[in-house]
Amino acid sequence: MIRILKTAALVLALALSLSACGLADRLLEAVPREVLDKIADAAPHQASSTEEAAAAFLEAVDARDAEAAKALFAPSALEAADIDGALETLFELYEGPTDECRTDTVPGISKHLHYGRTTRLSYSGWVPLVSQGVNYYCYVVVTEIDDDEPENIGINKVVFATERARCALDFERPEEGGLWVFADPPGADYETCRIGEDAYVYTPVDRTMTKEEVTAQLEDNASWEAFSARFGEPNVTEYPDHETWNIYYYRLAEEEGEPRWARILQEDGTVTSAILMGLRYHSEDTLWSAEE
């Protein structure tokens, strides 16, 4: 197992270095999910560039220090967008303080090379955060190197969204830079939840489920008909329009005061896997798999 982990770590490192070339996904597909999860569990959390940028920005927002927040943006972003007006909107929407700002997701990387030397490097990605028990989401684009246009160095874009805003059917992340603030849409009466680091529309169901019950059911009968007959409708359907396969989430009993979810993959009427999920990007355990 140690040899597998070392090999997977090398593949992961190579994938990160090639992420801008489109080869990363194919490399990562070669590493079993449970191995990637073990690597993530074994390694101490290291803040990414997007997490650090989001944390610095939110620290200024918590302090209601507009000048400190603006100082984090690249000069080009300040010239192209009304950061002052967007900050006023954000101050009204977000009371703070920021209790948690963390992502375990590898950020997107845009990297330009010239004869082996990095001439431009930027990162992008969503960072989930929590304030007074409420979930919010912050998308950040930050440039660390730009030899040709140094005015781009700094934060290029921040998209701040409530959970309901991010779950709205018409939500689209703006392409333009600057600061964008999305509050709950008018008339939004749906419930939401966070699973891993993503936001979903949530359907409350009056039931109590345990991970042991999920495993026992699938060991006995892995048909989707039998599973749904026993446990009822899912709390979350990830792809409502899919007919032949889908991913469902069932809320389980809490562990250590945090929600747990069974991530059920159904293909052609058969459950093929059940994964235990929490509030982190990587899964916590495999409850059942048709391949085992």
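Summing charges over all other residues whose Cβ lies under 11 Å from the Cβ of residue 74, with Lys and Arg as +1 and Asp and Glu as -1, gives -3.
For 172, 213, write out the residues from largest to smallest accessible area, computed with a 1.4 angstrom probe and no ligands counted. Intermediate values should be presented prior to the final figure.
Numbers: 172 140, 213 65 Å².
Reading off the accessible areas and sorting them downward yields 172, 213.
Accessible surface calculations at 1.4 Å, restricted to protein heavy atoms, place region 193-292 at 52 Å² per residue.
How charged is the neighbourhood of residue 209? Take every other residue with its Cβ under 11 Å from the Cβ of residue 209, and add Lys/Arg as +1 and Asp/Glu as -1. Show your work: numbers first, answer last.
Numbers: positive: 207, 211, 230, 251, 260; negative: 212, 213.
Spelling it out: positives minus negatives among the neighbours equals +3.
Evaluating 6.51 cos²θ - 1.76 cosθ + 1.60 at θ = phi - 60° for every residue in region 276-281, the Karplus couplings come out as 7, 10, x, 9, 10, 5 Hz, glycine and proline recorded as x. Extension gain for the segment residue 225 to residue 208, taken as residue separation times 0.36 nm less the Cα-Cα distance, is 4.2 nm to one decimal.
Available extension along the chain between residue 47 and residue 183 is 46.3 nm, counting 0.36 nm per residue and deducting the alpha carbon span. The calculated FRET efficiency for the pair residue 100 and residue 243, based on their C-beta separation and a Förster distance of 41 Å, comes to about 0.65.
Given a 1.4 Å probe and the protein chains as shown, residue 282 ends up with an accessible area of around 30 Å².
Determine the shape class of region 235-292: with a ≥ b ≥ c the square roots of the Cα gyration tensor eigenvalues, call it rounded for a/c under 1.5, and otherwise prolate if a/b is greater than b/c, oblate otherwise. Working shown, then result.
On the way: a/c = 2.51, a/b = 1.51, b/c = 1.66.
Because a/c hits 1.5 or more and a/b fails to exceed b/c, region 235-292 counts as oblate.
Taking a ≥ b ≥ c as the square roots of the Cα gyration tensor eigenvalues, region 128-232 comes out prolate, since a/c reaches at least 1.5 and a/b is larger than b/c. Sorting 261, 224 on solvent-accessible area from highest to lowest, probe radius 1.4 Å, gives 224, 261. Under 11 Å from a point placed 7 Å out from the Cα of residue 255 along the Cα-to-Cβ direction: which residues of region 187-224 have their backbone N that close? It comes to 211-212, nothing else. Summarising the amide proton neighbourhood of residue 288: residues at separation of 5 or more, or on other chains, whose placed amide H is nearer than 5 Å comprise 274.
Could you list which residues have their amide H under 5 Å from that of residue 279, counting only those 5 or more apart in sequence or on another chain, with H placed in the peptide plane? Counting only residues 5 or more places away or on other chains, the set is 196. Charge tally around residue 62: other residues with Cβ under 12 Å, Lys/Arg +1 each, Asp/Glu -1 each, net -3. Sort region 102-172 into rounded, prolate or oblate with this rule: let a ≥ b ≥ c be the square roots of the eigenvalues of the Cα gyration tensor; rounded if a/c is under 1.5, and if a/c is not under 1.5, prolate when a/b is larger than b/c, oblate otherwise. Cα axes put region 102-172 in the prolate bin.
The values are calculated or read from the model by the stated rules, or taken from the named source; none is laboratory data. Bear in mind the structure is a predicted one, so any value in this text is a computation, not a measurement. Here Cβ is always computed from backbone atoms with ideal geometry, including for glycine, and neighbour counts include all displayed protein chains. Protein only, heavy atoms only, side chains kept; ligands, DNA and RNA dropped before computing areas. Shrake-Rupley method; radii C 1.70, N 1.55, O 1.52, S 1.80 Å.
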